[in-house]
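**Student:** Just passing along the structure, written as structure tokens.
What follows draws every value from the coordinates through simple rules; no lab data is involved. Bear in mind the structure is a predicted one, so any value in this text is a computation, not a measurement. Reconstructed Cβ throughout: ideal geometry from the backbone, glycine too, with neighbour counts over all protein chains shown.
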Amino acid sequence: MWPGDAAPELSRGYRDLAIAAPNEESATLIYGIAPEEPFVPPNMVGKMAVYVVYVFAGDAEEGKLHAKAYRELGPVVDLVEDTDYADFQCSLDDPPGKYNYWSADYHDELSDDALDVIIESARNLPGPSSQQLIAHWGGAVSGPAAAATPLLNRSASWVSHPFGLGDTPQGGQDAKAWVKRFRQDISPYATGGVWLNFIGDEGQARIRAAYGDENYNRLAEAKREFDPGNVFRGNQNIRPAVAV
């Protein structure tokens, strides 16, 4: 964890370390508001903070060696330690009772200009529970799975993930507006593709962008055969193809 004013330098350092990391390592950059927790310095509570969420799914000693590069960036708080997978997952649970609006975009690279757009958005979070997030993609995701599943854009190196949360209905609308404004600002640096697990209902065009026309049409033909009434439509919906 770093104070918010370290965001420009830290973001660039994170980008360079994450892109060079082995497949066993996953590092995600999160911009948020420092909570009132025992591990947070009192002078940081309620202010912008930046986090590197670090996971090394392999030998613990090797993981410590790779984590050293992030530690050399001078975090104010360092909680990286041996952790059971389920406990780590629980540490990222969304706070309950919020009005949520999320979205995401793929990026082949994160230039300094793109990082500046992300940081500026993070400086204007719509509420204390909201977050701006950068996830490093690639690795096994872009390996054999790229040819074995219908989702496109698996060669993308990054995902930006604005995560807007509000405490009230109006707060939820403010969060939604913030997310949409960010997506508009970051669009010159995005590929146009998306990872569907990171978005809500954003229309059929976004679903097609995730699969591409060829894969989407093939899935729509399968949907027409097995679910012509579109009974299974609660997720990112692929509509049954229309008979011609």
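**Student:** Relative to the longest principal axis of the chain, what angle (0 to 90°, nearest 10) does the C-alpha long axis of helix 60-71 take?
**Tutor:** 70
**Student:** While we're looking at this one, here's another question. With a cut-off of at most 14 other beta carbons within 10 Å, and DSSP calling the residue loop, which chymotrypsin sites (Phe, Trp or Tyr not before Pro) in segment 18-75 qualify? Please list them.
**Tutor:** Sparse-neighbourhood loop chymotrypsin sites (Phe, Trp or Tyr not before Pro): Phe39.
**Student:** How big is the dipole moment of segment 34-131 about its Cα centre under a simple scheme where the beta carbon of each Lys and Arg is +1, that of each Asp and Glu is -1, and everything else is neutral? Debye, nearest 20, please.
**Tutor:** 460
**Student:** In segment 106-183, which trypsin sites (Lys or Arg not before Pro) fall in coil by DSSP and have 12 or fewer other Cβ atoms within 10 Å?
**Tutor:** Arg123
**Student:** Could I ask something else about it? Can you tell me how much longer the chain between Arg239 and Asp82 gets when fully stretched, taken as 0.36 nm per residue apart minus their C-alpha distance, in nm with one decimal?
**Tutor:** 52.1 nm
**Student:** For segment 2-198: lysine pairs with Cα atoms under 23 Å, gap of 8 or more or different chains, count?
**Tutor:** Going through segment 2-198 pair by pair, I get 4.
**Student:** Now for a different question. Does segment 1-135 classify as rounded, prolate or oblate by the C-alpha gyration tensor (a ≥ b ≥ c root eigenvalues; a/c under 1.5 gives rounded; else a/b over b/c gives prolate, otherwise oblate)?
**Tutor:** Because its axes are fairly even, with a/c under 1.5, segment 1-135 counts as rounded.
**Student:** Separation between the Asp116 and Glu61 pseudo-spin-labels, each 7 Å from Cα along Cα→Cβ, expressed in nm?
**Tutor:** So the two model labels end up 4.5 nm from each other.
**Student:** How far, in nm, would the chain grow between Ala69 and Cys90 when pulled straight, counting 0.36 nm per residue and subtracting the alpha carbon separation?
**Tutor:** Length difference between fully extended and current span is 5.0 nm.
**Student:** Let me ask something additional. Dipole size in debye (nearest 20) for the chain around its Cα centre, Lys and Arg Cβ +1, Asp and Glu Cβ -1?
**Tutor:** 1060
**Student:** May I ask you to compute the full-extension gain from Thr168 to Asp201, defined as 0.36 nm times their residue separation minus their alpha-carbon distance, rounded to one decimal in nm?
**Tutor:** Stretched out fully, the Thr168 to Asp201 stretch lengthens by 9.9 nm.
**Student:** Return the single residue from Pro95, Pro75, Pro126 with maximal mean-square fluctuation; model: Gaussian network over the chain, springs between Cα atoms under 10 Å.
**Tutor:** Looking only at Pro95, Pro75, Pro126, the largest GNM fluctuation is found for Pro95.
**Student:** Taking the Cα atoms only, what angle lies between the long axis of helix 112-122 and the longest principal axis of the chain, rounded to 10 degrees?
**Tutor:** Approximately 80 degrees, to the nearest ten.
**Student:** Let me ask something else. Answer with one residue from Ala205, Ser91, Pro41: the one whose Cα lies farthest towards the positive end of the charge dipole of the chain, charges on Cβ with Lys, Arg +1 and Asp, Glu -1.
**Tutor:** Result: Ala205.
**Student:** Say R0 is 41 Å: what FRET efficiency, to the nearest 0.05, do Arg224 and Arg181 get from their beta-carbon distance?
**Tutor:** 0.60
**Student:** For segment 189-244, which chymotrypsin sites (Phe, Trp or Tyr not before Pro) are both in a DSSP coil and crowded by at most 12 other Cβ atoms within 10 Å?
**Tutor:** For chymotrypsin sites (Phe, Trp or Tyr not before Pro) across segment 189-244 that sit outside H, G, I, E and B with at most 12 neighbouring Cβ atoms in 10 Å, the list reads Phe232.
**Student:** Round to the nearest 0.05 the FRET efficiency obtained for Lys47 and Ser142 when R0 = 35 Å and r is the Cβ-Cβ distance.
**Tutor:** 0.45
**Student:** Here's another thing I want to ask about it. At 222 nm, what helix-only mean residue ellipticity would the chain give, in deg cm²/dmol to the nearest 500, using -39500 (n - 2.57) for each DSSP H run of four or more?
**Tutor:** Result for the chain: -11500 deg cm²/dmol, rounded to the nearest 500.
**Student:** May I ask for the net charge around Asp16, where only other residues with Cβ less than 14 Å from the Cβ of Asp16 are counted and Lys, Arg are +1 while Asp, Glu are -1?
**Tutor:** Local net charge: -3.
**Student:** Here's something else I'd like to know. Given the options Gln132, Gln170, Gln89, state which has the largest fluctuation in a GNM of the chain using a 10 Å cut-off (strictly under) for Cα springs.
**Tutor:** Highest fluctuation of the listed residues: Gln89.
**Student:** Mind giving me the nanometre distance, one decimal, between the label points for Glu109 and Asn23, set 7 Å out from Cα along Cα→Cβ?
**Tutor:** Once both label points are built, they end up 2.5 nm from each other.
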